[in-house]
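Presented below is the structure to which this report refers.
Bear in mind that the values in this text are calculations on the coordinates, not laboratory data. Worth saying up front: this structure is predicted, and the values here are computed from it rather than measured. Cβ atoms come from the backbone with ideal geometry, glycine included; neighbour counts cover every protein chain shown.
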Amino acid sequence: MARSDRLKALLRAHANQDAEHFYAVAMQLAADEARQGHAKLAAELRDLIDSTKVEANRARHAKPVPLMQPKGELSDLLTVRYPDEHLAEMVLSGEVEAKLGRVLREQRQADRLRAHDLSPRRKLLLVGPPGTGKTMTAAVLAGELKLPLFTVRFDSLITKFMGESSSKLRLVFDALKSNRGVYFFDEFDSLGLQRGSQHDVAEMRRTLNMFLQLLDQDHSDSLIVAATNHAKDLDVALFRRFDDVIRYDAPGLEQVKILLKNRLSTFVPKGFRYDSLVRSAQGQSHAEISRACIDAIKDAVMDGVGQVSSEAVIQHLEERARANRG
């Protein structure tokens, strides 16, 4: 790849706040200098990249403790972080992207909507197989709106003691009112089982009823995002409680190609054909495809070669496919 293309890729990575891609491209520039016999400059670039990564890491971990850290019993029920993910980083179907764009637009113009007695979308149910972007969606919503992301810990929420789970759930909804944020209920099927299903137990049924009641009563400014891998297991009563149900699928052929290009464009030659990679990646999730690309890029960087081969990416895709099949 031409030096000018690498420099443009470097700027794009910086603009997109994609630190991992930024450092990878910078290392490729250092490798280019080394191949041209500029050993001293290459070493200086590598040292600068390494020191910058260390400083960035230190700054990230030295972030002041946020004011809205869960306290007391809530500390066992919620984890919190401040994401910096953005919608532009996701590869989504047109329908999903439009729905998320609508949520963000309504949230950003919430005051204007409320002035006309209208409420912005803020209760979302995300449905789809693992690795298709549900968890990242919660982070993107928080990042775009500059809100904390609170993740509900179901292992602490659901207990065997009568009424205790409902009491804990009430604590979470009380927090919704006092601390605005994105509240993420992941693996929601553990709470939203169909009433009467073989997996249903009395305490879960009570907790589900309490959740439906609290969800209906909640008029806070926080966003409630629930995600499930198993829509068929959810009680039908849940669906109508949400402002929007967003369905995720494994990426289609065009999405696969975009995802591959986003990850590999600076590490493959100009005019590179993605057809064989698209075929190999078909049916895999966004997360698995992205990880396979990153693994192939890491191999290229560690081996000191300037480009990623189709064979290397296909090998990592096949390894992940075998691992998923068990």
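With the cut-off at 1.5 for a/c, could you classify segment 251-326 from its C-alpha gyration tensor as rounded, prolate or oblate? List each step's numbers first, then the result.
Numbers: a/c = 2.00, a/b = 1.24, b/c = 1.61.
Oblate, because a/c is 1.5 or more while a/b does not exceed b/c.
How far apart, in nanometres, would the label points at Arg35 and Asp47 be if each is projected 7 angstrom from Cα along the Cα-to-Cβ direction?
2.4 nm
Under 5 Å between amide hydrogens, which residues at least 5 positions from Leu78 or on another chain qualify, with H placed 1.01 Å from N in the peptide plane?
Arg153
At 0.36 nm per residue, and after removing the present C-alpha to C-alpha distance, how many nm does the segment from Lys177 to Glu20 gain when stretched out fully? Please list the in-between numbers first.
Numbers: separation 157, 0.36 × 157 = 56.52 nm, distance 3.60 nm.
Gain on stretching Lys177 to Glu20: 52.9 nm.
Between Asp299 and Gln109, what is the label-point separation in nm under the 7 Å Cα-to-beta-carbon projection?
4.9 nm
Based only on other Cβ atoms within 10 Å, what is the fewest-to-most ordering of Ser285, Ser75?
Values: Ser285 21, Ser75 13.
Arranged by neighbour count, lowest to highest, Ser285, Ser75 become Ser75, Ser285.
Quick one: order Arg3, Arg263 by neighbouring beta-carbon count within 10 Å, fewest to most. Kindly include the intermediate steps, with their values, before the conclusion.
Numbers: Arg3 12, Arg263 23.
Listing Arg3, Arg263 from fewest to most nearby Cβ atoms yields Arg3, Arg263.
Sequence-distant or interchain residues sharing an amide H contact under 5 Å with Leu223, placed H: which?
Residues meeting the criterion, in which the H sits 1.01 Å from N, are Gly181, Val182, Tyr183.
Let me check I've understood the local charge: for Arg273, count other residues with C-beta under 13 angstrom from its C-beta, Lys and Arg +1, Asp and Glu -1. What total comes out?
Numbers: positive: Lys257, Lys261, Lys270, Arg279; negative: Asp275.
Combined, the nearby Lys, Arg, Asp and Glu give +3.
Quick one: 3J(HN,Hα) in Hz for segment 48-53, Karplus 6.51/-1.76/1.60 with θ = phi - 60°, rounded, Gly and Pro as x.
Couplings: 5, 4, 4, 5, 5, 5 Hz.
log10 I(q)/I(0), Debye, Cα-only segment 74-247, no solvent, q = 0.11, 0.12, 0.15 Å⁻¹?
For segment 74-247, the Cα-only Debye profile gives -0.44, -0.53, -0.84.
Please give, to one decimal in nm, the separation of the simple spin-label points placed at Phe239 and Ala321, each 7 Å out from Cα toward the Cβ.
3.2 nm
Mind giving me the FRET efficiency for Lys261 and Arg3? R0 is 30 Å, r the Cβ-Cβ distance, nearest 0.05 is fine.
Values: r = 20 Å, r/R0 = 0.67.
Efficiency, from the Cβ-Cβ distance: 0.90.
³J(HN,Hα) across segment 303-309 via Karplus (A = 6.51, B = -1.76, C = 1.60, θ = phi - 60°), whole Hz, x for Gly/Pro?
Rounded to whole hertz, the list is 7, x, 9, x, 9, 9, 8.
Taking neighbour counts of Cβ atoms within 10 Å as a proxy for exposure, in what order, fewest first, do Leu113, Leu100 appear? Walk me through the numbers on the way to the answer.
Numbers: Leu113 14, Leu100 23.
Fewest-to-most ranking of Leu113, Leu100: Leu113, Leu100.
What are the ³J(HN,Hα) values, in whole Hz, obtained from phi via the Karplus relation 6.51 cos²θ - 1.76 cosθ + 1.60 with θ = phi - 60°, for each residue of segment 38-47 in sequence order, with x given for Gly and Pro?
8, 4, 5, 4, 4, 5, 5, 5, 4, 4
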